[in-house]
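Scroll down for the structure; my scribbles are underneath it.
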Ligand SMILES: N=CN[C@@H](CCC(=O)O)C(=O)O
Ligand SMILES: [Zn+2]
């Protein structure tokens, strides 16, 4: 099946296939071809260039993209979209003045979601989760990472990861699964956190590795959750099974999570709302991608990740939604890109790089998605007529996407 897009006003994020990510000043450059063509063959990007050199090949479908732009799909490298129920009443508690930590200390928060999930069947959990996956695909996401972490028992963590596995099988979109058994300490282990860490390492992890259910391992490294030492122990245990880490750090406090991530070659360190100069220094010369989650800052009213300082220090930055029921109940990457521009003072070019090629790197998918490059998957979207690429973040909350394509197929 061959599709030819013609007269594209701007073909955006055009790069050589071997670019892994962009950092520092490069992030402000978003390569584009004006008045372009794009040829897709069997779901793969085959050729592109200026209209003047558009090949006269036989195709199955021609799309006239006059006035419209084409971008690679958003790459959302941090979500918890497999969850059960919702936390709408906690949302109202927050409006009435309770903080995220107040709610957690009353037994709400992650433990609340865990209780609901434990009582939900695998079938029901799959049904609830697939609706969210379909929703984000329609919003332009073409690759996604999904975490466990609302199970907090061996069976319930495996239930979540099996749901993610089924989503991988049923949907034609790259999905990476992350095991986040160390998301919170269940009440049964309240006075014996050490024993829960042992359960994660000695019981959950071997079973999950045996069933090949996790691509990555994660820990919520934060005061009141898991210490830096516990984080190191858990990610080292993951390494023994060949599972790389991507970790939650610096959401509320800077306690050394960035350093432990860098030291153990974590693929990404995510959140970073509270970031010290030492944390920024630790990220230099590392292969670890810093990931900002502005939807979480927006929803909880906590500081935004200092993305400007990160990029100005010469580092890369990725953006993701953190789609979850407690701190970011939205999987809309379009909003995330707008919020990064408006609240974190990223330029649109920087935000789009952060949400595409750098997001792909943050889940190990940079050779498959994240840019318009020969040989990559034709996971992309066609916009409605746009004045300029700046219109995307500028009209926050507006859906500028006309048509989504995954593997070259209309969705
Ligand atoms: N901070 C830790 N985990 C999630 C929130 C989980 C929840 O509140 O349900 C996050 O990334 O924000
Ligand atoms: Zn998260």
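Observations, loosely collected:
- Among 7-15, 140-148, the order from most to least packed when residues are scored by Cβ within 10 Å on average: 140-148, 7-15
- Full-extension gain in nm, residue 62 to residue 121, via 0.36 nm per residue minus C-alpha separation: 16.8 nm
- Largest-first ellipsoid semi-axes for segment 239-343, taking √(5λ) over the Cα gyration tensor eigenvalues, angstrom: 22, 16, 12
- Its residue count N sets the reference 2.2 N^0.38 Å, and the alpha-carbon radius of gyration of segment 207-277 equals 1.08 times that reference.
- Computed over the chain with a Gaussian network model linking Cα atoms closer than 10 Å, the most mobile of 363, 27, 51 is 51.
- Between 29, 71, 180, the GNM of the chain built on Cα springs shorter than 10 angstrom shows 29 fluctuating the most.
- The value of relative contact order for the chain, using C-alpha pairs under 8 Å at least six residues apart, is 22 percent.
- For segment 88-192, the equivalent ellipsoid derived from the alpha-carbon gyration tensor has semi-axes of 26, 18, 12 Å in decreasing order.
- If you bin all the Cα-Cα distances of the chain at 20 Å, starting from zero, the percentages per bin are 29, 57, 14, 0.
- Nearest 10 degrees, 0 to 90: helix 154-170 Cα axis against the chain principal axis: 10
- Segment 332-381: relative contact order in percent, alpha carbon pairs under 8 Å with at least 6 residues between: 21
- Most to least packed among 94-105, 247-258, 191-202 [average Cβ atoms within 10 Å]: 247-258, 191-202, 94-105
- Residue-averaged [θ]222 nm for the chain, counting only DSSP H segments that reach four residues, each worth -39500 (n - 2.57): -9500 deg cm²/dmol
- Nearest-0.05 FRET efficiency for residue 409 and residue 86, computed from C-beta distance (R0 30 Å): 0.45
- Our summary gives segment 356-411 a relative contact order of 30 percent, counting only alpha carbon pairs under 8 angstrom and 6 or more residues apart.
Readers should treat all values here as calculations from the given coordinates under stated rules, not as data from a laboratory. These figures come from a predicted structure and were not determined experimentally. Cβ coordinates were reconstructed from backbone atoms using ideal geometry, including for glycine residues, and neighbour counts include every protein chain displayed.
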